[in-house]
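The values are calculated or read from the model by the stated rules, or taken from the named source; none is laboratory data. Computed from a prediction, not measured in an experiment: that's the story for all the values here. Cβ coordinates were reconstructed from backbone atoms using ideal geometry, including for glycine residues, and neighbour counts include every protein chain displayed.
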Amino acid sequence: MPPTINVLFLAAEAEPFVKVGGLADVAGSLPGALRRLEKPILDVRLALPLHTAIQAESATLYPATSFDLYRRGGSLPVQVFQLKRGGIPVYFISGGPLHAARTVYSTDLAADREKYAFFSLAALELARRLDWRVDILHANDWHTALSLYALKSRRSDPLLRRIRSVLTLHNLPYMGGEGLDVLSAYGLAPLEDESLPGWARSSPLPLGLWSADRIAAVSPTYAREILTPEFGCSLEGFLEGRGDRLAGILNGLDTSAFDPQTDPHLALHFDAASLENRPANKSALQAKLGLDQDPRLPLFGMVGRVDPQKGVDLALEALRRLPHRRWQAALLGSGVPELEAASRQLEADFPARARAVTRYDPALGRLIYGGSDIFLMPSRYEPCGLAQMIAMRYGSIPLARATGGLKDTIRDGATGFLVPEASLESLLSVTSRALDLYPEKGKWEAMQRAGMAEDFSWERPAQQYAALYQSLMEVV
Ligand code: GLC
């Protein structure tokens, strides 16, 4: 029997415990997909901060271990709890700055940096102390990147020497800021190596990228885009030099959690063979939002973080520029206050056509996926994106910017509409193209079916991650 590879997977958030964005979907479903592989055998365990939102589950947690973590001026007690969910052992780390934090992320970057430095260092110490040999430390985004820098800095420690590291990059622009404060607090020196630009040598994400044995961007196109000045956030030169360690692995979708045949939030279940059931969902959505229950009006849907990244402003402006066309729109999501206000303003200006619900409401989200006709995603950049995959699975045709994972998952003209430029003109012309096609029922349904037939499951990506782990185990 080949030996099991043990992987400790670190993330700031994971379904079903706590979710802010797409990272939680990945951290909530990739570990399970990896464990389900028959070959190689992967024992993947998850480590998360014990956020306030998770403490409510405390009845099901049991203490795993406790220790003191070095911090300048006085060490901090760390308590680790454990539970098993869906066959996956999950470690929850608590103590220090994690105690006081009320939300997963705050608007105070220095406070978040302190909190996640504590988590990252405590997780590494957990890896040292567990009665379970960690082969791979797999970090995600800036929040957990410092664990890899600390690992690399402490190579002389015999308990850490054999651990290999992987960093999955979900969103390059979020780097964690300038981190001299936390480096010195946790006894780490800033980097001296000149392969990273000076400003990046104390910043959590760049340090993680510098330290990782392998870097996985969340789509092949994003892995290439970050090598260019447009998307590289001034790290393109450094990343180019890391080319031999950088891969693009498209995220999967938890296809059992997102299934229009079983989704409890839909008015009527459907699949590609029973597409005639789908309009009942459009009608339920229109009724719920107080829109005209007219089946012939093309209904735009948008679900997700309300953020400039997602091109929310572009989508709003495009809809405003199309008063002469017939459409309805259902916008759902919370985020940047000015953009939330702009969404509500669209509703105020187009009361008969547009609804903007600016809160987190997964149930309404499901109905928008299952009831809208065109799913808007004009992102300025999109490392992977999940919503377009859910939309296709639910028969809503994505209209998205040709970038990152959107480009890798949507086939223009076959399963969706791709907008070549991040400009209003480009978006308007593709939107008109979609509206022109909408009345052609046969062609429209063929596109819906083609999207519904795509395989977005975790199976292939899990195999790619497994191959990455295996390649590291072969390195001595
Ligand atoms: C980030 C990215 C998004 C990606 C998600 C999960 O939220 O913005 O594109 O799908 O991470 O990897």
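Condition check ((1) part of a loop (DSSP other than H, G, I, E, B); (2) closer than 20 Å to Ala101 by Cβ) across all residues:
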{"position": "Asp25", "(1), (2)": "no, no"}
{"position": "Pro31", "(1), (2)": "no, no"}
{"position": "Arg45", "(1), (2)": "no, no"}
{"position": "Leu48", "(1), (2)": "no, yes"}
{"position": "Ala59", "(1), (2)": "no, no"}
{"position": "Arg71", "(1), (2)": "yes, yes"}
{"position": "Pro77", "(1), (2)": "no, yes"}
{"position": "Val80", "(1), (2)": "no, yes"}
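Quick one: which helices (runs of 4 or more DSSP H) lie wholly within the range 350-460 and hold at least 1 residues that are crowded, with 24+ Cβ neighbours inside 10 Å and away from the ligand (no atom under 16 Å from the Cβ)?
362-371, 424-437, 441-452
When Ala145 is evaluated against the numbered criteria (1) without any contact (Cβ under 8 Å) to a residue 40 or more places away in the chain; (2) within 16 Å of the ligand (Cβ to nearest atom), which criterion, by number, is the only one it fails?
Against the list (1) without any contact (Cβ under 8 Å) to a residue 40 or more places away in the chain; (2) within 16 Å of the ligand (Cβ to nearest atom), Ala145 comes up short only on (1).
Which residues, counting only those in the range 166-185, are away from the ligand (no atom under 13 Å from the Cβ), crowded, with 21+ Cβ neighbours inside 10 Å and either in a loop (DSSP other than H, G, I, E, B) or of a type in the set (Ser, Thr, Tyr) (or both)?
First pass over the range 166-185, keeping only residues away from the ligand (no atom under 13 Å from the Cβ): 166, 175-185.
Next, from what is left, pick out any that are crowded, with 21+ Cβ neighbours inside 10 Å: 166, 175-176, 179, 182-183.
Scanning the range 166-185 gives Met175, Gly176, Gly179.
Mind telling me which of the residues Phe270, Phe231 ends up being in contact (Cβ under 8 Å) with a residue 60 or more places away in the chain and farther than 30 Å from Pro337 by Cβ?
Phe270
Considering only residues that are out of contact with any strand residue (DSSP E or B) (no Cβ under 7 Å at 6 or more places or on another chain) and in a loop (DSSP other than H, G, I, E, B), look in the range 13-23 and name the one that is nearest to Ser120 (Cα to Cα). Even if it seems obvious, please write down each step before you answer.
At the first step, the residues of the range 13-23 found to be out of contact with any strand residue (DSSP E or B) (no Cβ under 7 Å at 6 or more places or on another chain) are 13, 15-16, 18-22.
So of that shortlist, the ones also in a loop (DSSP other than H, G, I, E, B) come out as 13, 15-16, 19-21.
Working: Glu13: 13, Glu15: 19, Pro16: 21, Lys19: 19, Val20: 19, Gly21: 20 Å.
The qualifying residue nearest to Ser120 (Cα to Cα) is Glu13.
If you check every pair at least six apart or on different chains, which have Cβ atoms under 6 Å apart with a residue in the range 359-385 that is more than 22 Å from Ala318 (Cα to Cα) first and a residue that is outside any loop (DSSP other than H, G, I, E, B) second?
Leu364/Leu332; Leu367/Leu285; Gly370/Asn281; Pro383/Tyr222; Pro383/Gly404; Cys384/Gly405
Output yes when any residue across the range 52-70 is more than 16 Å from the ligand (Cβ to nearest atom), within 28 Å of Val306 (Cα to Cα), surrounded by 16 or more Cβ atoms within 10 Å (Cβ to Cβ) and within 20 Å of the chain's Cα centre (by Cα), and no when none is. Explain how you work it out, then say what you get.
Step one: of the range 52-70, the residues more than 16 Å from the ligand (Cβ to nearest atom) are 52-70.
Filter once more, so that each one left must be within 28 Å of Val306 (Cα to Cα): 52-56.
Next, from what is left, pick out any that are surrounded by 16 or more Cβ atoms within 10 Å (Cβ to Cβ): 54.
So of that shortlist, the ones also within 20 Å of the chain's Cα centre (by Cα) come out as 54.
Yes.
Quick check on the range 102-124. Is at least one of its residues closer than 14 Å to Gly176 by Cβ, modelled with pLDDT under 95 and either within 16 Å of the ligand (Cβ to nearest atom) or in a helix (DSSP H, G or I) (or both)?
yes
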